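The values are calculated or read from the model by the stated rules, or taken from the named source; none is laboratory data. For clarity, every value in this text was computed on a predicted model and none was experimentally measured. Cβ: placed from backbone, ideal geometry, glycine included. Neighbour counts: every protein chain shown. Protein only, heavy atoms only, side chains kept; ligands, DNA and RNA dropped before computing areas. Shrake-Rupley method; radii C 1.70, N 1.55, O 1.52, S 1.80 Å.
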Amino acid sequence: MKTIALVLSWLISGTSTIAGIIVLLLISHVTLDVVMRFAFGTPLNATILYVSAFYMVAIAFLPLAAVEQRDGHIAVELLVENFPTKIQTFLAGFALLLTTIVTATVAIRTGDEALAKFIGGSFSIEAGGKIITWPTYLALPLGFGLMSFVSAWKFICLLMGRPHGLDALRIEDPYLSNGDAQ
């Protein structure tokens, strides 16, 4: 069980790291575009396409599993926190199962779309040049697929009454008490 949690943790860290690198690329690209536009009067071609189709899609969807790992998705607990523990556990399990089914379905559907775009050689014409855009479609099946695996793993661990162990790679801040932010 620890091996599965470790592999998932590595995959989550990898996709989050890639998303972080893409944020830096986005900042660099836009900064360079602004400097070129105002200093030399010649902006970079297709900046809007790269930002909207490449950078933003990857930044939004690659870290989905990291958010699921940390239970960081939006949750409204108006009534549930007052329910007995068994009902809370049942509802948490139901939510994980539903999340697994929905994210797996979305991953499969977007994976089909990504494959169709790859086979069709999807591209965009910007500033008289042909820019291949089919790789942008890969972020969704990767993000939703990994999120599906994470929620499925958490569901299995909940059924077995064991911790999911997905925080194996998390580095605790020694300056925070018990690893919690204050």
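Looking for something open to solvent by less than 70 Å² (accessible area, probe 1.4 Å) and within 23 Å of I125 (Cα to Cα) - is there at least one such residue anywhere in the range 88-96? Checked against the condition, which is being open to solvent by less than 70 Å² (accessible area, probe 1.4 Å) and within 23 Å of I125 (Cα to Cα), the range 88-96 yields no hits at all. Considering (1) surrounded by fewer than 14 Cβ atoms within 10 Å (Cβ to Cβ); (2) touching a Gly at 6+ places or on another chain (Cβ under 7 Å), the lone condition that A107 does not fulfil carries the number (1).
Only one entry in I101, I125, I59 is more than 18 Å from W153 (Cα to Cα) and either touching a residue at least 12 places away in the same chain (Cβ under 8 Å) or in a helix (DSSP H, G or I) (or both), namely I59. A single entry from V35, V106, V51 fulfils the requirement of being in a helix (DSSP H, G or I) and closer than 30 Å to G165 by Cα: V106.
Taking (1) at pLDDT 90 or above; (2) in contact with a helix residue (DSSP H, G or I) (Cβ under 6 Å, 6 or more places away or on another chain); (3) under 21 Å from L62 (Cβ atoms); (4) crowded, with 16+ Cβ neighbours inside 10 Å in turn, L142 satisfies each apart from (2).
Per-residue answers, yes or no, for (1) basic (K, R); (2) open to solvent by 50 Å² or more (accessible area, probe 1.4 Å); (3) closer than 26 Å to V102 by Cβ; (4) more than 12 Å from the chain's Cα centre (by Cα):
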| position | (1), (2), (3), (4) |
| --- | --- |
| A46 | no, no, no, yes |
| V51 | no, no, no, yes |
| E77 | no, yes, yes, yes |
| N82 | no, yes, no, yes |
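Considering only residues in the range 9-41 that are of a type in the set (A, V, I, L, M) and more than 17 Å from F61 (Cβ to Cβ), the one that is most open to solvent (accessible area, probe 1.4 Å) turns out to be L24.
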